[in-house]
Amino acid sequence: MLKAKKSLSQNFLIDNNISKKILKYTDIQGKEVLEIGPGYGFLTDKILQKKPKKLILIEKDFNLFVYLKNKYKENKNIIIICADILKFDLNKFNNLIVISNLPYNISTKVILYLFNFSQNITEMILMIQKEVAQKFNYKIKNMNKYKFLTKIVSNYLICFDVSSNVFFPKPKVRSSIVKFKFKKNIYNIEKAKLFSDKIFRNVRKKITNNIKINNNSPLLAKRVNQLNIDELLNIYNFF
Ligand code: SAH
């Protein structure tokens, strides 16, 4: 019988077909993979079938960590770490592929944290709440800082939606599988964050009231949430 802790947002994916479908969106054979919050290892088992070179598991729950240590004790290319992903340094990795059915109570926080390691990660395939998936989707209007930062660091794709029936226990909301493919060109994430903090400070005000930009573009007279992503990038170029 599966035990689930609410405080750690434990909703285990119990449908093998969904696990397999998730892995169709990435090619991990011979690559280094990081799975965040493997739980009982349901998705992990499917990852292993695809023969990654190395698999790193980061699980915060000590009981599950012990369970996983035992489950995979014969497996030489798995590294299991008991840690909080939000405190885990990924700087020493290269060309990592991140796969996770994220803990939903911290999904946005984890994604923004992982943006800091966009030079260490190639791509991320993540299960998150459907509304959170929309929040990062810069292809849809109504700009916010999440859409802007996502566009700066990655190409973003919503792969497919998942019903809450595939989990135990069932989460209250629908879920989506999303993919962030990180850009490898050099950009200044600190500058992008500074810009987004300023320009999204008060979305009800005109842009000129939130940020000082020496340019007479008519876009600056609009409110930031009225822009589409290309218009927003246009303003960022003046910053
Ligand atoms: N991947 C599993 C479990 C998903 S539930 C499956 O699909 O069945 C989310 C998992 O993330 C749980 O195992 C939970 O213990 C773990 N978790 C929660 N907060 C975490 C954190 N801050 N760092 C690492 N793992 C975390």
Condition (residue is among the hydrophobic types (A, V, I, L, M, F, W, C) and either touching a helix residue (DSSP H, G or I) at 6+ places or on another chain (Cβ under 6 Å) or not in a helix (DSSP H, G or I) (or both)) applied to region 62-70: is it met by at least one residue? no
Filter region 147-182 for residues that are touching a residue at least 24 places away in the same chain (Cβ under 8 Å) and of a type in the set (D, E, K, R); which is farthest from F136 (Cα to Cα)? K170
For K76, which of the numbered conditions (1) at pLDDT 95 or above; (2) more than 25 Å from I158 (Cα to Cα); (3) open to solvent by 60 Å² or more (accessible area, probe 1.4 Å); (4) away from the ligand (no atom under 13 Å from the Cβ) fails to hold? (1)
Go through (1) in contact (Cβ under 8 Å) with a residue 12 or more places away in the chain; (2) under 24 Å from Y156 (Cα atoms) and name the single condition Y40 misses. (2)
Restricting to region 87-115, and then to whatever is part of a helix (DSSP H, G or I) and open to solvent by 10 Å² or more (accessible area, probe 1.4 Å), can you tell me which residue is farthest from V173 (Cα to Cα)? K87
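This table checks each residue for (1) in the same structural domain as N116 (by TED's automatic domain parsing); (2) touching a Phe, Trp or Tyr at 6+ places or on another chain (Cβ under 6 Å).
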| site | (1), (2) |
| --- | --- |
| K139 | yes, no |
| K147 | yes, yes |
| T150 | yes, yes |
| N165 | yes, no |
| F182 | yes, no |
| L194 | no, no |
If you go through region 2-15 one residue at a time, do you hit one that is in contact with a Phe, Trp or Tyr (Cβ under 9 Å, 6 or more places away or on another chain) and either in a helix (DSSP H, G or I) or among the acidic types (D, E) (or both)? yes
Would you check if S19 is of a type in the set (G, A, S), open to solvent by 70 Å² or more (accessible area, probe 1.4 Å), part of a helix (DSSP H, G or I) and in contact with a helix residue (DSSP H, G or I) (Cβ under 9 Å, 6 or more places away or on another chain)? no
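Does L102 fit the bill of being under 21 Å from P52 (Cα atoms) and either within 9 Å of the ligand (Cβ to nearest atom) or in the same structural domain as R174 (by TED's automatic domain parsing) (or both)? Quick ask: steps written out before the conclusion?
Details: under 21 Å from P52 (Cα atoms): yes; either within 9 Å of the ligand (Cβ to nearest atom) or in the same structural domain as R174 (by TED's automatic domain parsing) (or both): yes.
Yes; evaluated as a whole, the condition is true for this residue.
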I'd like to check something: does region 195-213 contain any residue that is open to solvent by 90 Å² or more (accessible area, probe 1.4 Å) and among the hydrophobic types (A, V, I, L, M, F, W, C)? no
Would it be correct to say that I152 is crowded, with 16+ Cβ neighbours inside 10 Å and closer than 24 Å to K60 by Cα? no
Can K141 be described as in contact (Cβ under 8 Å) with a residue 24 or more places away in the chain and surrounded by fewer than 16 Cβ atoms within 10 Å (Cβ to Cβ)? yes
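Listed here are the residues, each with its yes/no results for (1) part of a loop (DSSP other than H, G, I, E, B); (2) of a type in the set (F, W, Y); (3) under 20 Å from I235 (Cα atoms).
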{"residue": "I128", "(1), (2), (3)": "no, no, no"}
{"residue": "F148", "(1), (2), (3)": "no, yes, yes"}
{"residue": "N155", "(1), (2), (3)": "no, no, yes"}
{"residue": "V173", "(1), (2), (3)": "yes, no, no"}
{"residue": "F180", "(1), (2), (3)": "no, yes, no"}
{"residue": "E190", "(1), (2), (3)": "no, no, yes"}
Between L96, L112, L126, which is within 26 Å of A4 (Cα to Cα) and touching a residue at least 40 places away in the same chain (Cβ under 8 Å)? L126
I'd like the full set of residues that are away from the ligand (no atom under 15 Å from the Cβ), closer than 17 Å to L126 by Cα and not in a loop (DSSP other than H, G, I, E, B), limited to region 24-61. E32
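The values are calculated or read from the model by the stated rules, or taken from the named source; none is laboratory data. In this text, all values refer to a predicted model and were calculated from it rather than measured experimentally. Positions of Cβ are backbone-derived with ideal geometry, glycine not excepted, and every protein chain shown enters the neighbour counts. Side chains are part of the model used for accessible areas, which takes the heavy atoms of the whole protein and leaves out ligands, DNA and RNA. Shrake-Rupley method; radii C 1.70, N 1.55, O 1.52, S 1.80 Å.
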